[in-house]
Amino acid sequence: MANITKAPAGFEGPGFFATKIDSVVGLARKNSIWPLPFATSCCGIEFMATMASHYDLGRFGSERLSFSPRQADLLMVMGTIAKKMGPVLRQVYEQMAEPRWVLSVGACASSGGIFDTYSVLQGIDRIIPVDVYVPGCPPRPEQILDGIIKIQELVASESIRRRDSAEYKELLASYGMQ
Amino acid sequence: MDAAFVSEKIKSRFGDKILADEMLYDMQCITIRQESLHDLVRFLRDDESLGFGFLTTMNAMHFPDAGEKFSLVIHLHAWKQNYRLRLKAFTNQDPPTFPTFTNLFPAANWMEREAYDFFGFRFTGHPDLRRILNMDDMEGWPLRKEYPLEDQARYDKDDKMFGR
């Protein structure tokens, strides 16, 4: 029998296995993240390489990409976000259902990159909360995969009550969202 | 068609308004007074022997140290003769105001919006003069020389590392 994944810590007995529900849900979620590739520029091309067969994002469970935010778990912002694009990105993020995570790929999405100018948003964390940043210009597919793996670690270890917690609500309020 | 032909045709109509007529790297460049630019473009388009029916581009320029700071540059192209022409008009007026070229070339619509968005040029009679590439609520004209290059909302820049 092939071992698909490591079981979480728990108590085993004849015919049963008891563990925390957080671990099971986290395990299921982390291996089936459906990303939304918000690819704007060059980092989007690197993402295309990451999705392709050589680096294959599908092995991590992200075989099905979704361009509809309503059906996506992970918002991957890849590329330069102009100030004019800011409200669009925010609207896409607000349309995502909980639980949702944000991965900021590349220097431009993380901090504006080399484009320190009047038209470029100096980092998407000015408008939406970000979970993992992947620096690079552009980051290699291996680095993007590393970012995905870090997201997976966050997903696996997250409490299922986190989205209702006061701390999370405070975080959203700091961005002006409910 | 060649430069001499074009020069002669426009000199007969606009003789005293032409400020310069030179060949720069194989392209004829004519500098004309601000108030006559629109008439010149109309003449170049409508005249049978010239027929400059294509507006290649329209740009604004800003040189704060020059005698006349702002200028509008228009590139025209005559299809049949495959001849290109550059027109310039300089002015010190702030905001620089020109009559709209949309009645001559529909393509001028977005080109004038770009000149408005980045330099603050006004075009009287333009159907919809508003910002095109920048945020609608932006203040200032980004491509003017006095506009700061870097985003002013950053707080984490170390002056020493940036040579200030």
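FYI, it's all coordinate maths here, none of it is from the lab. Here the structure is a predicted model, which is why all the values come from computation and not from measurement. Because the Cβ atoms are built from the backbone with ideal geometry, glycine has one as well, and the counts that use them run over all protein chains shown.
Cross-link list A:K83/B:K145; A:K30/A:K169; B:K69/B:K160; A:K84/B:K157: which exceed 27 angstrom alpha carbon to alpha carbon?
On the way: A:K83/B:K145 21 Å; A:K30/A:K169 23 Å; B:K69/B:K160 34 Å; A:K84/B:K157 23 Å.
Over 27 Å Cα-Cα: B:K69/B:K160.
Place a label point 7 angstrom from the Cα of A:A28 along the Cα-to-Cβ direction, then list the residues of the range A:124-160 whose backbone nitrogen is under 20 Å away. Under 20 Å, as judged by backbone N against the label point of A:A28, lie A:152-160 of the range A:124-160.
Electrostatic bookkeeping for B:H62 treats Lys and Arg as +1 and Asp and Glu as -1; over the other residues with beta carbon under 14 Å from its beta carbon, the sum is -2.
Counting only DSSP beta bridges with both residues in chain B, what percent are antiparallel, rounded to the nearest 5? Don't skip to the end; give the middle numbers.
Working: 23 of 30 bridges.
Among the beta bridges of chain B, antiparallel pairing accounts for roughly 75 percent.
Between A:N3 and A:M177, the distance separating the two model label sites (each 7 Å from Cα on the Cα→Cβ line) works out to 3.8 nm. Take the Cα of B:K11, step 7 Å toward its Cβ, do the same at B:F54, and the gap between the two points is 2.8 nm.
What net charge is computed for the residues neighbouring B:Q34, neighbours being all others with C-beta under 11 Å from the C-beta of B:Q34, Lys and Arg scored +1, Asp and Glu -1?
+1
Annotation: peptides B:41-51, A:79-89, ranked by per-residue average of other Cβ atoms within 10 Å with the highest first, follow the order A:79-89, B:41-51.
Given a 10 angstrom Cα cut-off, can you work out which residue in A:I128, A:I148, A:I21 is the most mobile in a GNM of chain A? Maximum fluctuation in the GNM of chain A, among the listed residues, is at A:I21. Under 1.5 on a/c is rounded, so check that first for chain A, then, if it is not, pick prolate when a/b is larger than b/c and oblate when it is not; a ≥ b ≥ c are the square roots of the alpha carbon gyration tensor eigenvalues. It is oblate, given that a/c is not under 1.5 and a/b is not larger than b/c.
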